[in-house]
Structures are given as C-alpha cells and as structure tokens.
C-alpha cells in the first residue's frame, strides 16, 4: 500500500500504568491490563502520526512476555496499524524499509541504571559503545540514523528521559522508584501527550560513534557463550563485536546476547506467570553486573572473623571440634596463600588431631547437628589420610533413615552424599533437589552443598558438567538472599561463586557487602556456623582479589 509510513517500535516497561514486573509477564492479571494500556497508547500515537501526514504505521512489538505472541490486542488496534511481532529481532532491517519516520513508545532505561526494569535487549547483559551505555531506544535511534530516517519521539520513565538528553522528543510516562517499582502518570494525561508528540515533525538522529559494541554480562559463563558466536572476549565478563556498519555490529551483538541469555531457561524457576517465575524475573532486574573495581573485605574484617571463629570453636563439644577442623581444612584448600600468611598450619593440625575424640556412634535419637559433626570428623580425617575409626554401613544407613523419617531430609541427603564420595554408599532414594518446590532456603543450601561435594569441600576445582547451571541459579537467587538478610546463606553462596571464578561479579560483591554489614565488632556473625561461612567467604575474596 502506498503513502507515507512511520515505524513505531513499542515495548511494555515504559507504558503508563505498568509499575511492577508482574505486569510484564504473560499469565498474570496485571499483564492482561497492561495489554489494554499498551494498545491504547499505540492508538493514541497513531492518531498523532496520522495528523502529521502519515497514512500507515508499522508497529513492531519488541516486548517478550513469555507467551511467544504479540502483546497488542489486535482486534482493538487502529485500522492504520500494520502489526509485527518478531521474537528474533524487533528491529529487523525490513522494518526500516519504506518508512519516513521512527518513534519508540513504552521504552525503558539501559542496563545498570536505576530505571524501572532497566535492561538492554535481555536481562543478562549491558551494551556500550565508545564507553557510553546504550538503551534499546538508543539502538533503534542508531539504526534509524544509519537508514537516514528521522525520529519523532520516545516515551518511557524519567531515567531514560535524562539519558536521552533532549536528542529526541520525549513523553515521560512515569517516575522510576526502583528497578522494580514505578509511579505512573494517569493514562488520561499520557494518551493526549503521546498524540501531541507524535504529530510533531521528526528530527535527524545523530549516529553512534563508529566503534565496537561491548557487551558486559553477569557471569563468565554468559560471556563465554557469547564469545562462541564470534564475539571477541575482552575479559571474563565482556565481549566486543565489530562490523562495517552499525547494523552489522548490532546484528552480531544481538546474536551474542541471545546465546548468553540461553542460560535463563534453567536458572529461572517455574513457568511464565507462576510465583517462582515472577520472583526470579524480578530478581534479574536487581542482579547487578560486575563492578568496575571489585572490593575485597578489609584485612581487619578477615582477621576479626578468624579470631571470632577460633574463639567460638575452642570448646570441647563434638560440634565445635568438627566445625573447627572442617572449616580450616576447607580454608587451606580454598585460600592457601591466606592460610599460609596467617600461619594456620599448626592450628589445623591440632584441630584434626582433636577429631580422634569425636565418637562415630549414630544412635537413632542423635540430633542432626550432632550426627553431622560425627560424619564431618570421619570425613576430614579420611580426606587427610589419617587413621580413623570406621563408619559402620548399616548403622549409618539406619541413621539416615531416622533423619529422613524425622523430616530432616536435607541432612539425610548430605550425610549420605559425603559418605558416598569416600566410597561408603548407603544413600537413600531421595529425589534430586527435593526441596525445590517447597523451601527456597533448603533448596539453596542443597545447591551450595552440590558445589561443596563436587569440590571435595573447596579443595579441588569443580568438575561436574552442571556447575555452570548451578552457578546461574545462585546468581539469580542472590537478590533474594540479600533481601532476606541471611548472612549464613550469603557466605555459602559467596564462597561457591569464588570457587567457580565469579569473585569479580556484582552478585559476589552484593553478598560480601551483606556479610560485612552483619559482622559484629567482635568479628562474629551471631553463631559459629555463620562465622565459619563468613571466614571462608572473606578469605576466598582476599585470595582471589589481592595481587599475588
């Protein structure tokens, strides 16, 4: 069909009335309302574009809600609209053909900013060009500039407005309160503002510098997947792509980003619209990327944690003996330079020798904590090649069954797995990740202990092929762990991330900050177990971030 045509690229985060992540995801009541709000904004913008002399409006719906379909209510669209939904590339070259102006509606700020649901293209990467952060609106405008197409307006929150800096007409639809909350203007205000903005003449768009696009990811595994598409690896978290044109660079970067975001299929729990999916999707907006300069804990924090831990475990109880020896055994493998610098060898030797006094009997009424200490004592002496009394297979099996019957399934699983790594296999038939659907806390402890078992309690490199998937799950869980303020779990997640090379990432820094905040002046974190975890996290950070 002839006549002047405009291209309207639409997203959902910047639509007025969309103020929580739930509204972005298919399967929620909020999403149903968001569809109607988006469709109304499109129709309002189309009225303005028609008033400006355009006859048709090509609408590219760029928002991926999880449904695999457009977010627009097609039956309610203005008759001048030509709707398109292309999951692979909402800014495809064909969309820019035969158009005389471009506009962006319902947009959001770039990854790394405090805008509402700020991200760029996906939830794992940030895009920059010549050091400048890029939003999706920036990408569309750059593609328009290269195609010689003027831009009419952009709409979205106040953070995106500030970043665009007056380079294009703008309609502010909301104020961002956080990455997951916004305060919208009413649709009654926004709809006529969109019509007025769309009726104004377009402006020429300044192109981006002729420089590589750099993508920064939230894990080293994501960057590695991106590099497999041909992007050049800059460092652990960054890749860059080059090309003769911006379109070529953008296409290559999009391919790299798509490969990196494939990790989310396993890392995010549940189906779109479910409570678990909504929780993890919101967490991804809050999960920080790698900081410019990771900061390990100060030396005094490490030393105070060490003193507190040794003080808390100097008693004669079996639990204290086992925790002291196991933690130092782990520290020696996880942070050998820190261990040597603080001359902990004699302390470890004495702690391991004291394990000979821990009985290995496992009567049915024994508490799970006491049973754990006895298996830990046996495990450490066996791992260190020292003489040890045997664990009787049928006695251990009976104790595991007792724990499981008493609803201590996590202990039953872990003690069985520890013994199995040493050749004593009396494991129960407990389903893998048995608490995944019932207890977030228990499941995350299960996950951290998968790392511990795989690395023989931080004394060997990880080798399980599922390690990368486990790591992505821990990253997605980090905002929840921090929100809960659980320093014990935070410490375990932190030292697991350290053992897979993620000590320079944003998740690790957030976890470490929580532990530092909760460390008491005496150096402890309330109890011996949490203090032991903090000590391992602190020493692991010092080992990996201080120069050799």
Problem - Förster-model FRET efficiency, 41 Å R0, residue 200 and residue 439, C-beta, rounded to 0.05 - result: 0.15
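Using a/c under 1.5 as the rounded threshold, could you call the range 299-545 rounded, prolate or oblate? The axes a ≥ b ≥ c are square roots of the C-alpha gyration tensor eigenvalues, and prolate needs a/b larger than b/c, oblate otherwise.
It is oblate, given that a/c is not under 1.5 and a/b is not larger than b/c.
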Completion exercise
Pseudo-spin-label distance residue 427 to residue 88, built 7 Å along Cα→Cβ, given in nm, is 4.2 nm
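Would you work out if the range 5-207 is rounded, prolate or oblate? Take a ≥ b ≥ c from the square roots of the eigenvalues of the alpha-carbon gyration tensor; rounded if a/c is under 1.5, else prolate when a/b is larger than b/c, oblate otherwise. Kindly include the intermediate steps, with their values, before the conclusion.
Values: a/c = 1.32, a/b = 1.08, b/c = 1.22.
Rounded, because the longest to shortest axis ratio a/c is under 1.5.
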Practice task
For an R0 of 41 angstrom, estimate the FRET efficiency from the Cβ-Cβ distance between residue 177 and residue 76 and round to the nearest 0.05.
Solution key: 0.85
Practice task
With log10 I(q)/I(0) by the Debye sum over Cα atoms at q = 0.06, 0.10, 0.11 Å⁻¹ defined as stated, name the option among (i) -0.37, -0.84, -0.95; (ii) -0.34, -0.95, -1.15; (iii) -0.32, -0.85, -1.00 computed from the structure displayed.
Solution key: (i)
Problem - Reduced Cα scattering model of the range 399-544, Debye log10 I(q)/I(0), q = 0.11, 0.18, 0.20 Å⁻¹ - result: -0.42, -1.09, -1.28
Problem - Set of the range 26-54 residues, backbone N closer than 13 Å to the point 7 Å along the Cα-Cβ line of residue 4 - result: 48-54
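Restricting to DSSP H runs of at least four residues, report the calculated mean residue ellipticity at 222 nm for the chain, -39500 (n - 2.57) per run over all residues, nearest 500 deg cm²/dmol. Before the final figure, lay out the partial values.
On the way: 20 runs with 260 residues, N = 548.
-15000 deg cm²/dmol, from helical runs alone.
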Fill in the blank from the handout: Expected unfolding gain across residue 463-residue 340 under the 0.36 nm per residue rule, minus the alpha-carbon gap, is 41.7 nm
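Arranged by the count of other C-beta atoms within 10 angstrom, fewest first, what order do 442, 186 take? Could the numbers behind the result be given before it?
Numbers: 442 15, 186 10.
Taking fewest neighbouring Cβ atoms as first place, the list is 186, 442.
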Exercise for the section: Highest first, please rank the peptides 139-148, 13-22 by the mean number of other Cβ atoms sitting within 10 Å of their residues. Expected result: 13-22, 139-148
Problem - Mean separation of Cα contacts under 8 Å, 6 or more apart, over the residue count of the chain: relative contact order % - result: 13 percent
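How would the range 425-477 be classified by its alpha-carbon gyration tensor: rounded, prolate or oblate, with rounded meaning a/c under 1.5 and the a/b versus b/c comparison settling the rest? List each step's numbers first, then the result.
Details: a/c = 2.00, a/b = 1.12, b/c = 1.78.
Because a/c hits 1.5 or more and a/b fails to exceed b/c, the range 425-477 counts as oblate.
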Handout entry: Förster-model FRET efficiency, 56 Å R0, residue 186 and residue 292, C-beta, rounded to 0.05
Key = 0.90
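No value in this document is a laboratory result; all are computed from the given coordinates. Since we're looking at a predicted model, the values are computed, not measured. Cβ sites come from the backbone with ideal geometry, for glycine too, and all protein chains shown count toward neighbours.
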